[in-house]
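Please read the structure below before turning to the comments.
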Amino acid sequence: MTFFLRGLVAVLVAFAAPTTASAAPSSADAQTIDACLQAASEKAQSGVACIGIVADPCIESVKGKNSAADDSKACAARELAVWNARLQTALKESKAGGKDIAAAVTNSQASWSAASGRLCPVFDKLDPGASLGGANYCRLQETAMHVLVLERLAYAVNPH
């Protein structure tokens, strides 16, 4: 059963991935997010303010262009690639907390992936001016929030 759930999670994560994100995150984008999260941690803050730190300025820079809808999706995909990489690490590290925690994380991940996979595509059906970044921006927000929770769990269950 556990093998089945791991396979299911892998499939669901793949479906929740952006359609326009690059395979690997930019190291500069990853460093920007890392620095923001580190600063938030030093202030005992959650890191929520770091969500969009790469995508938002990029989206702002493309507003008004004829290609703004596509460019804004690419902006969101850039940052989403970083959060997706963090997600994989957070999943692995949080599952190190033992059998019960690993099972809970696996089940939660499957539910989260399915829900995001159903919700986020709706944003591509909206007027692009009403939702720049479309489904990619939704995935960015959903993934980043999920990562922050999993990273907190991973920190709690692992020696530090």
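The values are calculated or read from the model by the stated rules, or taken from the named source; none is laboratory data. Source: prediction; values computed, not measured. All Cβ positions, glycine included, derive from the backbone under ideal geometry; neighbour counts span all protein chains shown.
A few comments on the model shown:
- Taking the stretch 112-137 as the range and being under 17 Å from residue 71 (Cβ atoms) and surrounded by 14 or more Cβ atoms within 10 Å (Cβ to Cβ) as the test, the residues that pass are 123, 124, 128, 131, 132, 133, 134, 135, 136, 137.
- Scanning the stretch 76-111 for residues that are surrounded by 21 or more Cβ atoms within 10 Å (Cβ to Cβ) and among the polar types (S, T, N, Q) gives 84, 94, 109.
- Any hit, the stretch 6-18, residues being surrounded by 20 or more Cβ atoms within 10 Å (Cβ to Cβ) and modelled with pLDDT of 95 or more: no
- Taking the stretch 68-79 as the range and being under 13 Å from residue 53 (Cα atoms) and in contact with a Phe, Trp or Tyr (Cβ under 8 Å, 6 or more places away or on another chain) as the test, only 76 passes.
- Filter pass, residue 55 being in contact with a Phe, Trp or Tyr (Cβ under 8 Å, 6 or more places away or on another chain) and of a type in the set (A, V, I, L, M): yes
- When the stretch 57-75 is limited to residues that are surrounded by fewer than 17 Cβ atoms within 10 Å (Cβ to Cβ) and of a type in the set (Asp, Glu), the one that is farthest from residue 33 (Cα to Cα) turns out to be 70.
- Flag if residue 28 is part of a helix (DSSP H, G or I) and out of contact with any Leu (no Cβ under 9 Å at 6 or more places or on another chain): yes
- Among the conditions (1) modelled with pLDDT under 95; (2) within 28 Å of residue 132 (Cβ to Cβ), residue 44 misses just one, which is (2).
Yes/no per residue for (1) of a type outside the set (Gly, Ala, Ser); (2) on the phi < 0 side of the Ramachandran plot; (3) touching a Gly at 6+ places or on another chain (Cβ under 8 Å):
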{"position": "35", "(1), (2), (3)": "no, yes, no"}
{"position": "42", "(1), (2), (3)": "yes, yes, no"}
{"position": "98", "(1), (2), (3)": "no, no, no"}
{"position": "115", "(1), (2), (3)": "no, yes, no"}
